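Below is one structure, written out as structure tokens; the observations come after it.
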2 protein chains.
Amino acid sequence: MPMKLIDGKAIAAQIKEEIAKEVQQIKAKGGKTPHLAAVLVGHDGGSETYVANKVKACEAVGFKSTLIRLEEEVTEEELLHRVDQLNNDPDIDGFIVQLPLPKHISEAKITEAIDYRKDVDGFHPVNVGRMSLGMPCFLSATPSGILELLKRYKIETQGKHCVILGRSNIVGKPAAMLMMQKSYPGDSTVTVCHSRTPDIKEITLQADIIIAALGVPEFLTGDMVKEGAVVIDVGTTRVPSNKTRSGFKLTGDIKFDEVAPKCAYITPVPGGVGPMTIVSLLKNTLLAGKKEIYPD
Amino acid sequence: MPMKLIDGKAIAAQIKEEIAKEVQQIKAKGGKTPHLAAVLVGHDGGSETYVANKVKACEAVGFKSTLIRLEEEVTEEELLHRVDQLNNDPDIDGFIVQLPLPKHISEAKITEAIDYRKDVDGFHPVNVGRMSLGMPCFLSATPSGILELLKRYKIETQGKHCVILGRSNIVGKPAAMLMMQKSYPGDSTVTVCHSRTPDIKEITLQADIIIAALGVPEFLTGDMVKEGAVVIDVGTTRVPSNKTRSGFKLTGDIKFDEVAPKCAYITPVPGGVGPMTIVSLLKNTLLAGKKEIYPD
């Protein structure tokens, strides 16, 4: 079987079109235009770009979007007050507070202050818990994007051994929970490896599906992957490069040249999981606008 | 290394004593006596016994306890109303609604209606989510009991391969989450196997620690376990027996006679994980009484 590249960019474009179509229909019927608000604190370059892309994506599918900019010096209390306003604004269907936040503000406190019915990032404990319990919820962007890719490429997951590298709250743990769930995609035997796993290679060699989310550039080499595996690369580390104008290169956790020839399917970096994360946010915002998950 | 039996009964007794001592101190200082309420719907024999044991355990450590009995025919609305009363009763620190509930009542709805700050069963999505995120929470009884046993026997878990059999919401999934957490006990490489895993033996043979929670009597046989493993048996299936007065015998997921000689540590059934579950409930109630997890 020849290696097949998973084209996250194309899938993302396709889903955006599907969402745009649905938004048009909603509007045509006189329904409420989904409205996402994004709160950006400070002027971190990465965060600026992420938020700008989110706002742009909202506009492209016909959502209403509101960008709220707060200075780096904003107090936790002030930010909590803004969160409260957004919680109580009936026109806002969902909102995000872009992380990371300045050190004087507790990210956990802010995340928990967001009304879980508007938590389209899926970071609130209620959404994390409901995901774990297999209940309807807002799924967080990266694991949701990974599952969508598996689904769109009709990749078999039932009874497969899925090995996840990394145990972060936003990728490794939720991906593990979803992949073991009795549903498709899912129903896999799941192993989670991390920095304390003594011999990761021993385990990845058994994997039918590998989800690499360690944030260690080119960690997974060719000798660690069995023939015919499906490999999903979540890593996006900025590695200095003299070949690009920006001076860096987005590098995944997979040594692509070595691993790709052995794979049934593989995601590139960039253009694999990355473009899917914004799509997941759009999907959640649409669900929030339709009040599909939390009806009241 | 000779096999060591993990004595859950003895550890449970020891922890109950520790709790009783702390309750005495709280009372001596004029503090509030922790108060657990249990709601029992209908007359299922198993549930009657479980709830009676919980109430008895509360009294033994000096807690106040309240048993609320409702008839099988109680409506969902009435039960939700009772839950609401308990949520708002300042004397009740924590309460449980014994499961299973009659079929005309949604267990998910009732579980979510319980104020998570009083959810000493740890079943509410907020507590499940916070557990997954590594935040302070009420841990559900069985996984919490398992971790306590590992801790009291000072069993090394960091970097060990922990294989969990079963993916239920009350054992398999939370045990997986806890065992992969960056803490002790935990920090293990975790694999979750279940009914869809094609060759469980291949995986259990790699395990340093096995947590069996399939509910399949004597599923794990001697040939499935490597020398020196730690084996925790969560199974408690009532198997008909002509050797006991009750006509049945509590049977674990482990074929004890075969597996025990290969183990470094093993839990018996009964007397292993079982006695720990009530202790976990008491620990949560004590935490609730002291408002340690949710201060307001």
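Taking the options B:143, B:174, B:125, name whichever one is touching an Asp or Glu at 6+ places or on another chain (Cβ under 7 Å) and farther than 23 Å from residue A:202 by Cα. On inspection, the qualifying residue turns out to be B:125. Of all residues in segment B:93-101, none are out of contact with any Pro (no Cβ under 7 Å at 6 or more places or on another chain) and acidic (Asp, Glu). Test residue B:94 against the criterion of being in contact (Cβ under 8 Å) with a residue 60 or more places away in the chain, small (Gly, Ala, Ser) and either within 26 Å of residue A:173 (Cα to Cα) or in contact with a helix residue (DSSP H, G or I) (Cβ under 6 Å, 6 or more places away or on another chain) (or both), and give yes or no. For residue B:94, the condition - in contact (Cβ under 8 Å) with a residue 60 or more places away in the chain, small (Gly, Ala, Ser) and either within 26 Å of residue A:173 (Cα to Cα) or in contact with a helix residue (DSSP H, G or I) (Cβ under 6 Å, 6 or more places away or on another chain) (or both) - is met. Within segment B:193-227, the set of residues being among the hydroxyl-bearing types (Ser, Thr, Tyr) and either more than 14 Å from chain A (Cβ to nearest Cβ) or surrounded by fewer than 16 Cβ atoms within 10 Å (Cβ to Cβ) (or both) comprises B:195, B:221. How about segment B:135-155: which of its residues are touching a strand residue (DSSP E or B) at 6+ places or on another chain (Cβ under 6 Å) and under 14 Å from residue B:124 (Cα atoms)? Answer for segment B:135-155, where residues must be touching a strand residue (DSSP E or B) at 6+ places or on another chain (Cβ under 6 Å) and under 14 Å from residue B:124 (Cα atoms): just B:138.
For the condition out of contact with any Gly (no Cβ under 6 Å at 6 or more places or on another chain) and either crowded, with 19+ Cβ neighbours inside 10 Å or of a type outside the set (Val, Ile, Thr) (or both), residue B:55 does not qualify. Among the residues making up segment B:214-249, those that are in contact (Cβ under 8 Å) with a residue 60 or more places away in the chain and not in a loop (DSSP other than H, G, I, E, B) are B:230, B:232. When residues in segment A:171-218 are screened for being aromatic (Phe, Trp, Tyr) and under 17 Å from residue B:164 (Cα atoms), 0 of them pass. Of the residues making up segment B:241-292, those that are surrounded by fewer than 18 Cβ atoms within 10 Å (Cβ to Cβ) and within 30 Å of residue B:32 (Cα to Cα) are B:290, B:291, B:292. Within the bounds of segment A:228-247, is there any residue that is away from chain B (no Cβ under 14 Å), within 15 Å of residue A:162 (Cβ to Cβ) and acidic (Asp, Glu)? Looking through segment A:228-247, at least one residue is away from chain B (no Cβ under 14 Å), within 15 Å of residue A:162 (Cβ to Cβ) and acidic (Asp, Glu). For segment B:178-205, the tally of residues that are of a type outside the set (Ser, Thr, Tyr) and touching a Gly at 6+ places or on another chain (Cβ under 9 Å) stands at 11.
For segment B:201-234, a tally of residues being aliphatic (A, V, I, L, M), over 24 Å from the mean Cα position of the chain (by Cα) and within 14 Å of residue B:189 (Cβ to Cβ) returns 1.
Condition check ((1) among the small types (Gly, Ala, Ser); (2) under 26 Å from residue B:134 (Cα atoms)) across all residues:
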{"residue": "A:37", "(1), (2)": "yes, no"}
{"residue": "A:48", "(1), (2)": "no, no"}
{"residue": "A:61", "(1), (2)": "no, no"}
{"residue": "A:64", "(1), (2)": "no, no"}
{"residue": "A:80", "(1), (2)": "no, yes"}
{"residue": "A:103", "(1), (2)": "no, yes"}
{"residue": "A:108", "(1), (2)": "yes, yes"}
{"residue": "A:111", "(1), (2)": "no, yes"}
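Can you find a residue in segment B:5-16 that is assigned to a loop (DSSP other than H, G, I, E, B), closer than 21 Å to residue B:148 by Cα and not hydroxyl-bearing (Ser, Thr, Tyr)? Looking through segment B:5-16, at least one residue is assigned to a loop (DSSP other than H, G, I, E, B), closer than 21 Å to residue B:148 by Cα and not hydroxyl-bearing (Ser, Thr, Tyr). Step by step: first the residues of segment A:96-118, then only those that are hydrophobic (A, V, I, L, M, F, W, C) and more than 14 Å from the chain's Cα centre (by Cα), then the one that is nearest to the other protein chains (Cβ to nearest Cβ). Which residue is that? Within segment A:96-118, the match that is nearest to the other protein chains (Cβ to nearest Cβ) is A:108. One residue stands out among those in segment B:58-67 that are of a type in the set (A, V, I, L, M) and surrounded by fewer than 16 Cβ atoms within 10 Å (Cβ to Cβ): the one that is farthest from residue B:274 (Cα to Cα), which is B:67.
Restricted to segment A:153-188, and to residues there that are facing chain B (nearest Cβ under 10 Å) and of a type in the set (Lys, Arg), the residue that is surrounded by the fewest Cβ atoms within 10 Å (Cβ to Cβ) is A:182. Applying the selection to segment A:119-152, what residues are acidic (Asp, Glu) and away from chain B (no Cβ under 14 Å)? Answer for segment A:119-152, where residues must be acidic (Asp, Glu) and away from chain B (no Cβ under 14 Å): just A:148.
Rule-based calculations on the coordinates, nothing more; no lab input. Keep in mind it's a predicted model, so treat the numbers as computed, not measured. A quick note on method: Cβ atoms are made from the backbone with ideal geometry, for glycine too, and the neighbour counts reach across all protein chains shown.
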